[in-house]
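Asks: Before I ask anything, here is the structure I am working with.
The values are calculated or read from the model by the stated rules, or taken from the named source; none is laboratory data. Bear in mind the structure is a predicted one, so any value in this text is a computation, not a measurement. Note that each Cβ is placed from the backbone with ideal geometry, even for glycine, and that neighbours are counted across all protein chains shown. Keep in mind that these areas ignore ligands, DNA and RNA; they rest on the heavy atoms of the full protein, side chains included. Shrake-Rupley method; radii C 1.70, N 1.55, O 1.52, S 1.80 Å.
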Amino acid sequence: MEYIELGNSGVRVSRITFGSWAAGGWMWGGTEQNDAVGAIRASFDLGVTSIDTAPIYGQGLSEEIVGEAIKTLPRDQVQILTKFGMRWDEAKGDFAMKTKNNEGQDIDVYKYAAPASIIKECEDSLRRLGTDYIDLYQIHWPDKTTPIPETMEAVQRLIEQGKVRAAGVSNYSVDQMKEAETVLNLASNQVPYSMVRRDIEKDVVPYCLENNKAILAYSPMQLGLLTGKIKPGQHFEESDLRATHPLFKPEFVTRVNAFLDKIRPMAETKNATLGQLVLRWTLAQPGVSVALVGARNAEQAVQNAHAIDVQLSPQEVDFITNELNQLQPAK
Ligand SMILES: NC(=O)c1ccc[n+]([C@@H]2O[C@H](COP(=O)([O-])OP(=O)(O)OC[C@H]3O[C@@H](n4cnc5c(N)ncnc54)[C@H](OP(=O)(O)O)[C@@H]3O)[C@@H](O)[C@H]2O)c1
């Protein structure tokens, strides 16, 4: 495995980090809890020491699964990356969405990052994770109703109390990062980035490179689309976000699969899967520190961890990028 420090925070993480959103089931058509624990432990055995989670993933379930999975692992060799600022249990802040929990009940989710709420969320996360500190604490989404400095002051207090090692943000723009940094030192920004979602290249990437901030690229396999296994018109459960996701429309899936066919021979010569090639390309992009990859079971997790063993020369990275640049974007 390869490891990298998040900014200058002193927190070192594995460049392939286990993403446990799907492990919590919510918006992914449910979960098989034992499989998820097995996936995290199998990843750790291959050097994937970092795990990303959030309270909203399964409304606490994903954090509990992570807590269960790391119970038998040495705490100082695991990095827990969790989040705050998405509340389903209190109707305050900036309304985000109406959705269903794993039991099929309606819930309203709010983006809310007022200081008292953060302090409470942190205690709840520590309890569910079964630990007394969080390695990276990230605001999940910007909250329009709370001034950014107020949010960051609360995180700074948690750092001073030893409950949090480093502060990160997620889905923040460059301006929002700058505002947060009037209060504290940010280690990272967790943002969407995949071969078919490259918007951050124009602003977040240059800013992070210039200011030594880590980029945690989320959904690098675009929710499984870039593994090549998705067929046009594939059926997903109603509670799976891919059922209505714009990047899963049949015409775009067809175009993506045609692109993947062009890079498949390269994967084959390297004895790699398409997903592994995709992850390696992602990690080769300027500024991308970590690929945050989700997996439902140990088999997927092992395959994803082994992506680090795939070597790509600069010419091979360019070949893939050139093919990719010919892919017409989704409408
Ligand atoms: N901060 C944010 O707002 C935010 C948003 C999204 C994600 N994230 C983070 O980023 C992590 C990763 O993103 P993601 O889970 O959305 O997307 P992803 O990593 O692009 O895709 C994960 C999904 O792809 C499929 N998959 C994974 N490995 C596979 C393999 N080897 N072979 C075949 N299929 C495979 C699995 O779903 P199936 O088996 O069902 O196909 C898996 O759940 C999340 O878990 C979360 O920690 C953060």
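Asks: Among the residues of the range 73-92, is there at least one that is touching a residue at least 12 places away in the same chain (Cβ under 8 Å), farther than 27 Å from residue 152 by Cβ, open to solvent by 20 Å² or more (accessible area, probe 1.4 Å) and out of contact with any helix residue (DSSP H, G or I) (no Cβ under 8 Å at 6 or more places or on another chain)?
Replies: Within the range 73-92, one or more residues are touching a residue at least 12 places away in the same chain (Cβ under 8 Å), farther than 27 Å from residue 152 by Cβ, open to solvent by 20 Å² or more (accessible area, probe 1.4 Å) and out of contact with any helix residue (DSSP H, G or I) (no Cβ under 8 Å at 6 or more places or on another chain).
Asks: Same structure, new question: Test of understanding: among 254, 321, 269, 273, which residue is hydroxyl-bearing (Ser, Thr, Tyr) and surrounded by 16 or more Cβ atoms within 10 Å (Cβ to Cβ)? Talk me through it step by step, then tell me what you get.
Replies: Numbers: 254 fails: surrounded by 16 or more Cβ atoms within 10 Å (Cβ to Cβ); 321 fails: surrounded by 16 or more Cβ atoms within 10 Å (Cβ to Cβ); 269 fails: surrounded by 16 or more Cβ atoms within 10 Å (Cβ to Cβ).
From the options 254, 321, 269, 273, the qualifying one is 273.
Asks: Could you look through the range 179-204, keep only residues that are open to solvent by 10 Å² or more (accessible area, probe 1.4 Å) and in contact with a Phe, Trp or Tyr (Cβ under 7 Å, 6 or more places away or on another chain), and pick out the one that is nearest to the ligand (Cβ to nearest atom)?
Replies: Step by step, filter the range 179-204, then rank; the result is 192.
Asks: I'd like to check which strands (runs of 3 or more DSSP E) are fully inside the range 64-135 and have at least 1 residues that are charged (D, E, K, R) and under 18 Å from the mean Cα position of the chain (by Cα). Reasoning before the result, please.
Replies: Values: elements: 79-84, 94-100, 106-111.
Those strands (runs of 3 or more DSSP E) span 79-84, 106-111.
Asks: Sticking with this structure for a sec: Out of (1) away from the ligand (no atom under 15 Å from the Cβ); (2) part of a loop (DSSP other than H, G, I, E, B), the odd one out for residue 268 is which?
Replies: For residue 268, the exception is condition (2).
Asks: Kindly check whether there is at least one residue in the range 238-255 that is among the polar types (S, T, N, Q) and under 17 Å from the mean Cα position of the chain (by Cα).
Replies: First, the residues of the range 238-255 that are among the polar types (S, T, N, Q): 239, 244, 254.
Subsequent filtering for residues that are under 17 Å from the mean Cα position of the chain (by Cα) retains none.
There is no residue in the range 238-255 that is among the polar types (S, T, N, Q) and under 17 Å from the mean Cα position of the chain (by Cα).
Asks: List the residue pairs whose Cβ atoms are under 7 Å apart, where the first residue sits in the range 289-315 and is more than 9 Å from the ligand (Cβ to nearest atom), the second is of a type in the set (Asp, Glu) and open to solvent by 40 Å² or more (accessible area, probe 1.4 Å), and the two are 6 or more positions apart or on different chains.
Replies: Pairs that qualify, where the first residue is more than 9 Å from the ligand (Cβ to nearest atom) and the partner is of a type in the set (Asp, Glu) and open to solvent by 40 Å² or more (accessible area, probe 1.4 Å), are 308/2.
Asks: Within the bounds of the range 108-117, is there any residue that is open to solvent by 60 Å² or more (accessible area, probe 1.4 Å), away from the ligand (no atom under 12 Å from the Cβ) and modelled with pLDDT under 95?
Replies: There is no residue in the range 108-117 that is open to solvent by 60 Å² or more (accessible area, probe 1.4 Å), away from the ligand (no atom under 12 Å from the Cβ) and modelled with pLDDT under 95.
Asks: From the list 218, 207, which residue is modelled with pLDDT of 95 or more, over 18 Å from residue 324 (Cβ atoms) and either within 12 Å of the ligand (Cβ to nearest atom) or surrounded by fewer than 17 Cβ atoms within 10 Å (Cβ to Cβ) (or both)?
Replies: Of 218, 207, the one residue that is modelled with pLDDT of 95 or more, over 18 Å from residue 324 (Cβ atoms) and either within 12 Å of the ligand (Cβ to nearest atom) or surrounded by fewer than 17 Cβ atoms within 10 Å (Cβ to Cβ) (or both) is 218.
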